[in-house]
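The values are calculated or read from the model by the stated rules, or taken from the named source; none is laboratory data. Keep in mind that what you see is a predicted model, and the values were worked out from it rather than measured. So basically every Cβ, Gly included, is an ideal-geometry build from the backbone, and we count neighbours across all protein chains shown. Calculation scope for accessible area: heavy atoms of the full protein, side chains included, ligands and nucleic acids excluded. Shrake-Rupley method; radii C 1.70, N 1.55, O 1.52, S 1.80 Å.
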Amino acid sequence: MEKIKPARLKKGDTIGIVAPASPLYNKSDFIRGKRTLEEWGFHVIVGDHVHARHEYLAGTDEQRAHDINSMFKNDQVDAIFVTQGGYGSARILRYLDFDLIKQNPKIFIGYSDITAIHLAIHRLTGLVSFHGPGMAGFNPEDLSEYRKNQLFKALMLNEPIGEIELADKKKWINIIHPGEARGEMVGGNLTLICASLGTPYEIETEGKILFFEELDTEPWVMDHMLSHLWNAGKLQKAAGIVVAECKDCEPYKHNPGFPVTFSLEDILEDYLKRLQIPAIYGLPLGHTKDLATIPLGVHGFLDASNGKFIIEECGTRS
(Lines give C-alpha, C1' and ligand atoms only; values in the text may rest on other atoms or scores of the structure.)
Protein backbone atom coordinates (compact mmCIF):
# COMPACT_ATOMS: atom_id res chain seq x y z
CA MET A 1 0.00 0.00 0.00
CA GLU A 2 1.42 3.39 -1.06
CA LYS A 3 1.98 5.73 1.88
CA ILE A 4 -0.23 8.82 2.01
CA LYS A 5 0.46 11.75 4.34
CA PRO A 6 -2.12 14.29 5.51
CA ALA A 7 -1.53 18.04 5.29
CA ARG A 8 0.20 19.67 8.24
CA LEU A 9 -2.04 21.35 10.82
CA LYS A 10 -1.87 25.17 10.97
CA LYS A 11 -3.47 27.78 13.19
CA GLY A 12 -6.73 28.87 11.59
CA ASP A 13 -7.45 25.34 10.33
CA THR A 14 -10.75 23.61 11.05
CA ILE A 15 -10.86 20.55 13.29
CA GLY A 16 -13.76 18.12 13.11
CA ILE A 17 -14.77 16.32 16.32
CA VAL A 18 -16.07 12.75 16.29
CA ALA A 19 -16.92 10.15 18.96
CA PRO A 20 -16.18 6.69 17.51
CA ALA A 21 -16.39 4.73 20.76
CA SER A 22 -17.77 5.52 24.24
CA PRO A 23 -19.83 8.59 25.18
CA LEU A 24 -18.39 11.21 27.48
CA TYR A 25 -19.44 10.88 31.10
CA ASN A 26 -19.15 14.62 31.71
CA LYS A 27 -20.29 16.98 28.95
CA SER A 28 -18.10 19.65 30.50
CA ASP A 29 -15.05 17.67 29.28
CA PHE A 30 -16.23 18.28 25.71
CA ILE A 31 -16.98 21.95 26.35
CA ARG A 32 -13.55 22.53 27.90
CA GLY A 33 -11.77 20.63 25.12
CA LYS A 34 -13.57 22.56 22.39
CA ARG A 35 -12.79 25.86 24.10
CA THR A 36 -9.11 24.92 24.37
CA LEU A 37 -8.90 24.14 20.64
CA GLU A 38 -10.49 27.51 19.87
CA GLU A 39 -8.09 29.29 22.22
CA TRP A 40 -5.23 27.65 20.32
CA GLY A 41 -6.50 29.33 17.15
CA PHE A 42 -8.52 26.55 15.47
CA HIS A 43 -12.08 26.49 14.21
CA VAL A 44 -14.15 23.54 15.40
CA ILE A 45 -16.93 21.59 13.67
CA VAL A 46 -18.79 19.04 15.80
CA GLY A 47 -20.04 15.76 14.37
CA ASP A 48 -23.81 15.33 14.13
CA HIS A 49 -23.88 12.51 16.69
CA VAL A 50 -21.06 13.40 19.10
CA HIS A 51 -23.54 13.78 21.96
CA ALA A 52 -25.65 10.75 21.02
CA ARG A 53 -25.90 7.75 23.33
CA HIS A 54 -26.70 4.13 22.60
CA GLU A 55 -26.20 2.28 25.88
CA TYR A 56 -22.41 2.31 26.42
CA LEU A 57 -21.71 3.69 22.94
CA ALA A 58 -21.69 7.26 21.62
CA GLY A 59 -24.57 6.56 19.27
CA THR A 60 -25.35 3.62 17.01
CA ASP A 61 -22.61 2.07 14.90
CA GLU A 62 -24.04 3.74 11.81
CA GLN A 63 -24.19 7.17 13.50
CA ARG A 64 -20.60 7.04 14.71
CA ALA A 65 -19.32 5.87 11.33
CA HIS A 66 -21.41 8.53 9.57
CA ASP A 67 -19.66 11.29 11.51
CA ILE A 68 -16.19 10.02 10.53
CA ASN A 69 -17.15 9.60 6.87
CA SER A 70 -18.72 13.07 6.86
CA MET A 71 -15.61 14.71 8.34
CA PHE A 72 -13.35 13.12 5.72
CA LYS A 73 -15.79 14.19 2.98
CA ASN A 74 -16.17 17.77 4.26
CA ASP A 75 -13.72 20.02 2.37
CA GLN A 76 -13.85 22.57 5.20
CA VAL A 77 -12.38 20.09 7.70
CA ASP A 78 -8.57 19.91 7.87
CA ALA A 79 -8.10 17.42 10.73
CA ILE A 80 -10.23 15.00 12.72
CA PHE A 81 -9.91 14.62 16.49
CA VAL A 82 -11.79 12.04 18.56
CA THR A 83 -13.37 12.86 21.90
CA GLN A 84 -11.95 9.78 23.61
CA GLY A 85 -11.57 6.01 23.32
CA GLY A 86 -13.38 3.57 25.58
CA TYR A 87 -15.11 0.84 23.58
CA GLY A 88 -16.82 0.40 20.23
CA SER A 89 -14.44 1.49 17.47
CA ALA A 90 -14.16 -1.99 15.95
CA ARG A 91 -17.97 -2.10 15.58
CA ILE A 92 -17.98 0.74 13.04
CA LEU A 93 -15.24 -0.48 10.69
CA ARG A 94 -17.73 -2.19 8.36
CA TYR A 95 -19.48 1.16 7.87
CA LEU A 96 -16.42 3.30 7.14
CA ASP A 97 -15.82 4.36 3.54
CA PHE A 98 -12.12 3.64 3.12
CA ASP A 99 -12.08 4.79 -0.51
CA LEU A 100 -13.42 8.14 0.66
CA ILE A 101 -10.79 8.30 3.40
CA LYS A 102 -8.02 7.49 0.93
CA GLN A 103 -9.18 10.17 -1.51
CA ASN A 104 -9.45 12.82 1.23
CA PRO A 105 -6.36 12.37 3.43
CA LYS A 106 -6.53 14.31 6.71
CA ILE A 107 -4.98 14.13 10.14
CA PHE A 108 -6.86 11.59 12.23
CA ILE A 109 -5.84 11.32 15.88
CA GLY A 110 -6.81 9.20 18.87
CA TYR A 111 -5.53 6.23 20.87
CA SER A 112 -6.57 3.29 23.07
CA ASP A 113 -9.77 1.84 21.52
CA ILE A 114 -9.16 4.04 18.46
CA THR A 115 -6.35 1.60 17.60
CA ALA A 116 -8.95 -0.44 15.71
CA ILE A 117 -9.52 2.48 13.32
CA HIS A 118 -5.81 3.22 12.97
CA LEU A 119 -5.08 -0.37 11.97
CA ALA A 120 -7.92 -0.40 9.43
CA ILE A 121 -6.95 2.95 7.90
CA HIS A 122 -3.31 1.90 7.64
CA ARG A 123 -4.14 -1.49 6.11
CA LEU A 124 -6.76 -0.32 3.60
CA THR A 125 -5.63 3.21 2.65
CA GLY A 126 -1.94 3.70 3.52
CA LEU A 127 -2.82 6.99 5.27
CA VAL A 128 -0.52 8.02 8.09
CA SER A 129 -2.64 8.55 11.22
CA PHE A 130 -1.67 9.70 14.69
CA HIS A 131 -1.61 7.86 18.00
CA GLY A 132 -2.36 10.65 20.45
CA PRO A 133 -4.80 12.13 22.96
CA GLY A 134 -8.53 12.71 22.60
CA MET A 135 -9.80 16.29 22.81
CA ALA A 136 -11.91 15.62 25.92
CA GLY A 137 -8.67 15.77 27.87
CA PHE A 138 -7.64 19.16 26.50
CA ASN A 139 -7.93 21.10 29.75
CA PRO A 140 -5.43 22.39 32.32
CA GLU A 141 -6.06 19.46 34.67
CA ASP A 142 -5.33 16.72 32.15
CA LEU A 143 -3.15 18.36 29.51
CA SER A 144 0.44 18.41 30.73
CA GLU A 145 2.99 20.62 28.99
CA TYR A 146 4.73 17.50 27.69
CA ARG A 147 1.49 16.15 26.17
CA LYS A 148 0.66 19.52 24.59
CA ASN A 149 4.16 20.09 23.19
CA GLN A 150 4.37 16.59 21.74
CA LEU A 151 0.94 17.02 20.13
CA PHE A 152 1.97 20.25 18.40
CA LYS A 153 5.33 18.78 17.44
CA ALA A 154 3.72 15.81 15.68
CA LEU A 155 0.94 17.70 13.90
CA MET A 156 2.33 21.17 13.18
CA LEU A 157 6.11 21.05 12.62
CA ASN A 158 7.73 20.58 9.22
CA GLU A 159 10.25 18.06 10.52
CA PRO A 160 10.41 14.58 12.07
CA ILE A 161 9.57 14.32 15.77
CA GLY A 162 12.97 12.89 16.57
CA GLU A 163 13.65 11.11 19.85
CA ILE A 164 10.71 10.28 22.12
CA GLU A 165 12.13 11.43 25.42
CA LEU A 166 10.93 10.66 28.91
CA ALA A 167 8.74 13.37 30.37
CA ASP A 168 9.84 12.50 33.89
CA LYS A 169 13.63 12.21 34.02
CA LYS A 170 13.34 10.21 37.25
CA LYS A 171 11.84 7.34 35.26
CA TRP A 172 13.92 5.00 33.17
CA ILE A 173 13.74 2.74 30.13
CA ASN A 174 14.01 -1.00 30.66
CA ILE A 175 16.26 -2.51 27.97
CA ILE A 176 14.74 -5.93 27.33
CA HIS A 177 17.13 -6.81 24.52
CA PRO A 178 19.86 -4.56 23.02
CA GLY A 179 20.45 -3.84 19.38
CA GLU A 180 19.29 -1.50 16.62
CA ALA A 181 16.38 -1.65 14.20
CA ARG A 182 14.80 0.56 11.58
CA GLY A 183 11.30 0.17 10.24
CA GLU A 184 7.82 1.53 9.84
CA MET A 185 5.89 2.13 13.06
CA VAL A 186 2.78 0.03 13.66
CA GLY A 187 0.80 -0.71 16.79
CA GLY A 188 -1.33 0.78 19.52
CA ASN A 189 -3.37 -0.81 22.28
CA LEU A 190 -2.49 -4.48 22.78
CA THR A 191 -6.08 -5.69 23.20
CA LEU A 192 -7.12 -4.07 19.91
CA ILE A 193 -4.01 -5.33 18.11
CA CYS A 194 -4.93 -8.88 19.11
CA ALA A 195 -8.56 -8.32 18.13
CA SER A 196 -7.45 -7.41 14.59
CA LEU A 197 -6.08 -10.90 13.91
CA GLY A 198 -8.13 -12.88 11.43
CA THR A 199 -9.90 -9.76 10.10
CA PRO A 200 -9.36 -7.69 6.93
CA TYR A 201 -7.71 -5.11 9.20
CA GLU A 202 -5.11 -7.47 10.70
CA ILE A 203 -1.91 -5.80 11.82
CA GLU A 204 1.16 -6.37 9.63
CA THR A 205 4.44 -6.51 11.56
CA GLU A 206 7.00 -7.99 9.17
CA GLY A 207 10.12 -5.81 9.11
CA LYS A 208 8.38 -3.15 11.18
CA ILE A 209 8.77 -1.66 14.64
CA LEU A 210 5.84 -2.87 16.71
CA PHE A 211 4.76 -0.77 19.66
CA PHE A 212 1.99 -1.49 22.15
CA GLU A 213 0.51 -0.17 25.37
CA GLU A 214 -2.16 -1.39 27.78
CA LEU A 215 -4.25 -0.29 30.77
CA ASP A 216 -5.71 -2.02 33.85
CA THR A 217 -4.75 -5.49 32.64
CA GLU A 218 -3.39 -8.24 34.86
CA PRO A 219 -0.01 -9.72 33.93
CA TRP A 220 -1.51 -13.14 33.16
CA VAL A 221 -3.88 -11.50 30.66
CA MET A 222 -0.91 -9.71 29.09
CA ASP A 223 0.71 -13.14 28.89
CA HIS A 224 -2.38 -14.44 27.09
CA MET A 225 -2.30 -11.65 24.50
CA LEU A 226 1.44 -11.91 23.85
CA SER A 227 1.00 -15.66 23.45
CA HIS A 228 -1.71 -14.95 20.88
CA LEU A 229 0.61 -12.65 18.92
CA TRP A 230 3.41 -15.20 19.18
CA ASN A 231 1.19 -18.00 17.90
CA ALA A 232 0.15 -15.77 14.99
CA GLY A 233 3.81 -15.11 14.14
CA LYS A 234 3.47 -11.36 14.68
CA LEU A 235 6.17 -10.92 17.31
CA GLN A 236 8.75 -13.00 15.45
CA LYS A 237 8.35 -10.97 12.24
CA ALA A 238 8.89 -7.57 13.83
CA ALA A 239 12.22 -5.78 13.39
CA GLY A 240 12.01 -4.33 16.90
CA ILE A 241 9.52 -3.83 19.72
CA VAL A 242 8.71 -0.74 21.79
CA VAL A 243 6.54 -1.31 24.86
CA ALA A 244 5.01 1.85 26.27
CA GLU A 245 4.23 2.47 29.90
CA CYS A 246 1.41 0.07 30.78
CA LYS A 247 -0.61 1.76 33.49
CA ASP A 248 -1.95 -0.35 36.39
CA CYS A 249 -1.06 -3.64 34.72
CA GLU A 250 -0.62 -5.41 38.03
CA PRO A 251 -2.30 -8.40 39.71
CA TYR A 252 -5.74 -7.61 41.08
CA LYS A 253 -6.30 -8.28 44.74
CA HIS A 254 -8.28 -11.46 44.29
CA ASN A 255 -7.65 -15.16 43.89
CA PRO A 256 -8.16 -16.32 40.30
CA GLY A 257 -7.63 -19.94 41.28
CA PHE A 258 -3.90 -20.03 40.65
CA PRO A 259 -0.89 -18.13 41.97
CA VAL A 260 -0.26 -14.80 40.26
CA THR A 261 3.50 -14.59 40.55
CA PHE A 262 4.76 -13.07 37.29
CA SER A 263 5.08 -9.29 37.07
CA LEU A 264 4.54 -7.52 33.78
CA GLU A 265 8.29 -7.06 33.42
CA ASP A 266 8.77 -10.81 33.92
CA ILE A 267 6.29 -11.57 31.13
CA LEU A 268 7.76 -9.03 28.72
CA GLU A 269 11.22 -10.48 29.24
CA ASP A 270 9.92 -14.04 28.91
CA TYR A 271 8.43 -13.33 25.48
CA LEU A 272 10.61 -10.61 24.01
CA LYS A 273 14.12 -11.64 25.08
CA ARG A 274 13.88 -14.94 23.29
CA LEU A 275 13.12 -13.10 20.04
CA GLN A 276 16.68 -11.72 20.06
CA ILE A 277 15.51 -8.46 18.48
CA PRO A 278 15.83 -4.93 19.90
CA ALA A 279 13.15 -4.31 22.55
CA ILE A 280 12.55 -1.66 25.22
CA TYR A 281 9.87 -0.89 27.79
CA GLY A 282 8.72 2.35 29.42
CA LEU A 283 8.22 5.16 26.90
CA PRO A 284 5.32 7.60 27.49
CA LEU A 285 3.08 6.32 24.71
CA GLY A 286 0.14 5.00 26.72
CA HIS A 287 -2.53 5.85 29.28
CA THR A 288 -0.40 8.24 31.28
CA LYS A 289 -0.65 11.98 31.88
CA ASP A 290 2.42 12.51 29.73
CA LEU A 291 1.51 10.99 26.36
CA ALA A 292 3.65 11.61 23.29
CA THR A 293 1.79 11.82 19.98
CA ILE A 294 3.41 9.75 17.23
CA PRO A 295 2.60 9.19 13.55
CA LEU A 296 1.75 5.61 12.58
CA GLY A 297 3.14 4.33 9.30
CA VAL A 298 6.35 6.39 9.22
CA HIS A 299 9.89 5.15 9.74
CA GLY A 300 11.58 5.06 13.09
CA PHE A 301 14.93 4.01 14.53
CA LEU A 302 15.09 1.90 17.68
CA ASP A 303 18.41 2.04 19.52
CA ALA A 304 17.53 -0.43 22.24
CA SER A 305 21.10 -0.63 23.54
CA ASN A 306 20.76 2.96 24.72
CA GLY A 307 17.03 2.92 25.43
CA LYS A 308 16.19 5.35 22.63
CA PHE A 309 13.41 5.45 20.04
CA ILE A 310 13.60 8.07 17.29
CA ILE A 311 10.94 9.01 14.74
CA GLU A 312 12.98 9.72 11.59
CA GLU A 313 10.21 10.68 9.18
CA CYS A 314 7.69 13.50 9.30
CA GLY A 315 4.07 12.32 9.47
CA THR A 316 2.61 15.21 7.51
CA ARG A 317 3.16 17.07 4.23
CA SER A 318 3.21 20.81 3.54
Quiz prompt | Given charges at Cβ of Lys, Arg, Asp, Glu: segment 141-258 dipole, positive-most of Trp172, Thr217, Pro200 | solution = Trp172
Exercise. With a 1.4 Å probe and every protein chain left in place, tell me how much accessible area Lys237 has, in Å² to the nearest 10.
Key: 100
Quiz item: At what distance in nm do the modelled label points of His51 and Lys170 sit from each other, each positioned 7 Å from its Cα along Cα→Cβ?
Solution: 4.2
Quiz item: In what order, largest first, do Glu202, Glu250, Glu312, Glu55 sit by accessible area if the probe radius is 1.4 Å?
Solution: Glu55, Glu250, Glu312, Glu202
Exercise. Give the cysteines in the chain for which no other Cys Cβ lies under 4.7 Å away, or write none if there are none.
Key: Cys194, Cys314
Quiz item: So how do Tyr111, Tyr25 rank on accessible area, 1.4 Å probe, biggest first, that is with the largest at the start?
Solution: Tyr25, Tyr111
Quiz item: Given a cut-off of under 8 Å on Cα pairs at least six residues apart, what relative contact order in percent is computed for the chain?
Solution: 22
Self-check item: Computed E for Leu157/Asp270 - FRET, C-beta separation, R0 41 angstrom, nearest 0.05
Solution: 0.60
Quiz item: Counting only heavy atoms of protein chains, what accessible area per residue, in Å², does the chain have with a probe of 1.4 Å?
Solution: 43
Quiz item: Quick one: with all protein chains in place, what share of the accessible area of the chain is carbon or sulfur, to the nearest percent (1.4 Å probe)?
Solution: 48
Practice problem: Could you work out the local net charge near Arg182, counting Lys and Arg as +1, Asp and Glu as -1, over the other residues with Cβ closer than 11 Å to its Cβ? | Solution: -4
Practice problem: Please report, in debye to the nearest 20, how large the charge dipole of the chain is about its Cα centre when each Lys and Arg carries +1 at its beta carbon and each Asp and Glu carries -1 there. | Solution: 580
Quiz item: What does a probe at Ser263 reach in segment 211-231, counting residues whose amide N is under 15 Å from the point 7 Å along Cα→Cβ?
Solution: 219-220
Practice problem: Just list whichever of Lys3/Lys170; Lys11/Lys102; Lys148/Lys170 have alpha carbons separated by over 30 Å in the model shown. | Solution: Lys3/Lys170
Self-check item: Point-to-point label distance, Glu312-Glu2, nm (Cα→Cβ direction, 7 Å offset)
Solution: 2.4
Exercise. Report the local net charge at Gly162: Lys and Arg +1, Asp and Glu -1, summed over other residues whose C-beta lies under 12 Å from its C-beta.
Key: -3
Practice problem: Please report how many Lys pairs in segment 189-280 have alpha carbons closer than 25 angstrom, counting only residues at least 8 apart along the chain or sitting on separate chains. | Solution: 8
Quiz item: When the scattering of the chain is computed by the Debye formula from its Cα atoms alone, each counted once and equally, what is log10 I(q)/I(0) at q = 0.07, 0.10, 0.12 Å⁻¹?
Solution: -0.25, -0.53, -0.77
Self-check item: With DNA, RNA and ligands ignored, accessible area of Thr316 (1.4 Å probe; Å², nearest 10)
Solution: 10
Self-check item: Volume of the Cα convex hull of segment 1-46, divided per residue and given in Å³
Solution: 91
